[in-house]
Amino acid sequence: SHFDSSLRGSTPHSGPIPMISVMQQNPGYLGLGAMSGCHSGLAAAAVPMEVQNCLAALPPQQSAAALADLGMRLKAAGDWRGAAEKYYEALRLDPMLYAAQYNLGVIFLAAGDLQRALEHTERAYTAEPRSTDAMNNLAEICRVQGNFETAAQWYRAALRISPNCETTHQQLAVTLVSLGLQVKTQNPKGAVKLYQEALVHSPMNASAYYNLGVSYAEMRKQGKALVNYNLAVHFNPRCAEAYNNMGVIYKEQENIEKALKCYHLALQCNPRFAQTLNNLGVTYTTTGRLTEALEYLTRAVTVAPTYAEAYNNLGWLFWDRGDVAQALRMYERCIELAPVSKNPAQNRLLALNYLHDVAPERVFLAHKAWGERFCHELGRPFQDWHVARTPNKKLRIGYISPDFFHHSVSFFAICLLQHKTDELFEVFLYSNTTVEDEKTQLFRSLVPEGHWKKIVGQPAQDVANMIREDKIDILIELAGQTANNRLDVVALKPAPVQITYVGYNNTTGLGAVDYRITDAVVDPPDSQQQFTEELVRLPGCFLCYTPPARIPDVDALPALRKGFITFGSFSCLAKIGAPCVALWARVLREVPGSRLLIKNKGFYSTDVQAIIINQFKAHGIAEHRLKLMALTPTSFDHLNVYNEVDVALDTFPYSNTTTSCETMLMGVPVVCLDGKTHGARVGVTLLTALGLNEFIAANHDEYVQKAKAVASDVSTLSALRQNLRQLLLSSPLCDGAGFTKGKFEPVLQEKWRLFCEGRPPSTQVFSSQEPPDPLAPGPFAPPLQPGAQLLMSSTHPSTTPAVPVPARVTPSLLGIQPAVPLATQIPGGLASPTSGAFTSSALTSLAAFREAARNQ
């Protein structure tokens, strides 16, 4: 006999070897049925009297064999109960009759009575130790029980006797894949070997190829993963999960064209595949195609209403569209569905920094509550370290960051390595950078080979153990609550002194972080903003900017050749909230004929352009006075666009950092608004460092007056343009050696000395034994209007002006990235179908994913 070996999106069918008859030359040709679905068939009482008389006349063994054969006939007629009775009658005459014991095992296995199936099949095997049918069914019983290792041993034993049985080879392959899934968490390499052995027995087993692909992807061996996913779809062209996972890999490799192709192939296999709908939304969002992104993410939560990750990604999408209120609704909905998920909670904290009408105290309480809950879930931190408390020793400094690439943070962190004092400091870099570039190689070249540690995908405890074993004295984290951070590692306190610097505009919320480096302008001593860390104020500005190696020349003032002033902003739309639009519109009205150039990723979508145009129209600014640009191909091209701008307008309540430095590098002055929080005063500290205090406005009226004044004096503006780059480069803001050796490193030595003198390391303090509510101190998203839906099934923003909302975060900010997108890579699996909404949890089979999608 054989079983259906076609995958049809799953694994080869597995089941017991059918029953055999002692009177049949081709044993096992009869199939199995469900016991609950049987009918009465040929009743035992219907056996003719002459047959019964013949049976009585036979010797006991022959009579037992005849009864067993009669049982087979009854089974064929659908009378399972009658068949079982005949087998038991046969066993009363011959307890070791193989056919009766074996077929009873088959009946009980089909009925799900594994204990009785095992008892009878073991007796059958004892009667016929070379019976491959008994071995196969013993294997099947073990497989159904989840004892895959023993099942594999029985299949192997059967193959030693009957090496050419194709069914046994296939069943062994199925079992080895299941065993691989069972052991992969504890023994990933062992799982790979099991999948490979499965392919020896069944070379066309798509499930084995698929699970090999999953394992290699988890090991970050993307080339091998792609090979196996391709083989999976070769042998099962309907394997949507393999197409999806190939798309994830191509997306990570920034091969967007191939990623989109794979995702669409997955949807051809399963149009309601929520993970792929989500991943398409993520990919379109990252490329600025926000209209398509909204379509696919909306479809994802339509087919899977409890798919938490899709709501997180919708938050990211609305952030890119500038709708912070809706972004917060999505993050908070995601948190409701997945309270322990890291990304939406941190994205929510990030978003809070850009709201106009929220008290800084509430934002602090949200960070503090998050820190308590995060540490409750994470486990106990270290309380002792393998370091010598020697005040004047050479310090081992660790920097941990996801941003060791061409990212905003890199322009402020690189000087700390380029100008470090090697006699005093030994530096280690713990890189969580997912996509590396030439800037990554620069960072790597600045530390010894063994001091570059790649930690992408590694568990927090493993990384914390690594840092502790490296005997790091001071650990400096450079990301805060921004994308791909490793606050999970920092919370475990792997170093006795821990500092946060440069990557985030607010507190980490973690008690395990001792210090936060800042200055007295951005965080004045009388500031009311609260932090969980102790503030360390450097003299002058707390930032030091290292410009790109290749930058364009500064052209003449554009107004001289155009005849009008061009204001500019390269901030993301989430920062350009309703109050910002209103203030900029005032500036444009006060400077007749002036234009405003806004450059942003979202402007790849005409719908998003229409939102901004309509917002300015509401303030009397005609469309022709706006120039909306999408992103440029290279950093050089990006900087060159500043040659179209005369005066830059800073955003609020979170002012620009990297963008402002780039702006002044290209000779363009920035008008900024003073504020009451760190995020609102970054522009103030930058301009103060250059002595350009006349560009700092204390209020909205003064902002308009200063913008009008600088735009009205074209000759002074032209002269400033020709000198501003040199002013920046010769200022302390670009003095990497002076900043590192004169400001930063002395702080590290001082804080180490305090630790040696007995200052206790900071620790997490819990307000109660129970963790805070995930949304504490309460939801921040504005309530929906009566009758409004959380998410419309489709939107056409070009036909309806956007509702003005507060603004939030920008990817061009110092260390601030958009919310973390979650591209779902489907885990491997092999089991029975499962229903329910898709999440990132590991459903157990290809069939399970497909069945779950059908059930949505």
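Tabulated values for the structure
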{"quantity": "Total charge dipole magnitude, the range 363-466, about the Cα centre, Cβ charges on Lys, Arg, Asp, Glu only, Debye to nearest 20", "calculated": "320"}
{"quantity": "Carbon + sulfur, % of accessible area of the range 558-601 - ligands and nucleic acids excluded, 1.4 Å", "calculated": "55"}
{"quantity": "Long-range amide H partners of residue 535 with built H, under 5 Å", "calculated": "516"}
{"quantity": "Set of lysines near residue 75 by C-alpha distance (under 30 Å), chain-local residues within fewer than 8 positions excluded", "calculated": "86"}
{"quantity": "Rounded to 10°, Cα long-axis angle of helix 222-235 versus longest principal axis of the chain", "calculated": "40"}
{"quantity": "Scattering profile of the range 375-427 at q = 0.20 Å⁻¹ [log10 I(q)/I(0), Debye over alpha-carbon scatterers]", "calculated": "-0.90"}
{"quantity": "Residue-span extension gain [residue 582 to residue 722] - 0.36 nm each, minus C-alpha spacing", "calculated": "47.3 nm"}
{"quantity": "Under 19 Å from the Cα of residue 676 - aspartates and glutamates, other chains or at least 8 residues apart", "calculated": "357, 361, 519, 523, 526, 533, 534, 650, 694, 701, 702"}
{"quantity": "Cut-off under 5 Å, modelled amide H: who pairs with residue 627 long-range", "calculated": "596, 597, 598"}
{"quantity": "Of all accessible heavy-atom area on the range 685-736, the percent that carbon and sulfur account for (1.4 Å)", "calculated": "51"}
{"quantity": "Solvent-accessible area per residue for the chain (1.4 angstrom probe, square angstrom)", "calculated": "39"}
{"quantity": "In Å², nearest 10: area of residue 91 left accessible to a 1.4 Å probe", "calculated": "20"}
{"quantity": "Selection from 244, 503, 659, by position along the positive dipole direction of the chain (Cβ)", "calculated": "659"}
{"quantity": "Debye log10 I(q)/I(0) at q = 0.16, 0.20, 0.24 Å⁻¹ for the range 628-683, Cα point scatterers", "calculated": "-0.51, -0.74, -0.95"}
{"quantity": "In degrees, nearest ten, helix 80-93 long axis to first principal axis of the chain (Cα)", "calculated": "50"}
{"quantity": "Candidate aspartates and glutamates for bridging to residue 562, where Cα separation is under 13 Å - those fewer than 8 sequence places away on the same chain excluded", "calculated": "644, 646"}
{"quantity": "Longest to shortest principal axis, alpha-carbon extents of the range 486-633, angstrom", "calculated": "59, 36, 35"}
{"quantity": "Karplus-derived 3J(HN,Hα), 6.51/-1.76/1.60, for each residue of the range 67-74, Hz, glycine and proline x", "calculated": "4, 4, 5, 5, x, 4, 5, 4"}
{"quantity": "Point-charge dipole on Cβ atoms (K/R +1, D/E -1) for the chain, about Cα centre, debye to 20", "calculated": "700"}
{"quantity": "Sites residue 449 and residue 193, calculated FRET efficiency, Cβ-Cβ separation with R0 25 Å, nearest 0.05", "calculated": "0.20"}
{"quantity": "Whole-number percent relative contact order across the chain, with pairs defined as alpha carbons under 8 Å at least 6 apart", "calculated": "14"}
{"quantity": "For residue 554, residues with placed amide H under 5 Å, excluding near neighbours", "calculated": "none"}
{"quantity": "D (Stokes-Einstein, µm²/s), Kirkwood Cα radius, the chain, 1.567 mPa s at 4 °C", "calculated": "42"}
{"quantity": "Calculated from backbone phi, Karplus (6.51, -1.76, 1.60) coupling profile of the range 701-709 in Hz, x at Gly/Pro", "calculated": "4, 5, 4, 5, 4, 5, 4, 5, 5"}
{"quantity": "Of 184/342; 627/708; 394/743; 454/575, pairs whose Cα-Cα distance is over 21 Å", "calculated": "184/342; 454/575"}
{"quantity": "Accessible surface of the range 199-256 [probe 1.4 Å, protein heavy atoms]: carbon and sulfur percent", "calculated": "55"}
{"quantity": "Exposure of residue 321 as accessible area (Å², to 10), given a probe of 1.4 Å and all protein chains", "calculated": "30"}
{"quantity": "Residue-level accessible surface for residue 773, protein heavy atoms, 1.4 Å, Å²", "calculated": "100"}
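The values are calculated or read from the model by the stated rules, or taken from the named source; none is laboratory data. This is a predicted model, so every value here is computed, not measured. Using ideal geometry, Cβ is built from the backbone for each residue, glycine included, and neighbour counts are taken over all protein chains shown. Ligands, DNA and RNA are stripped out before the accessible areas are found, and what is left, the full protein with its side chains, is counted by its heavy atoms. Shrake-Rupley method; radii C 1.70, N 1.55, O 1.52, S 1.80 Å.
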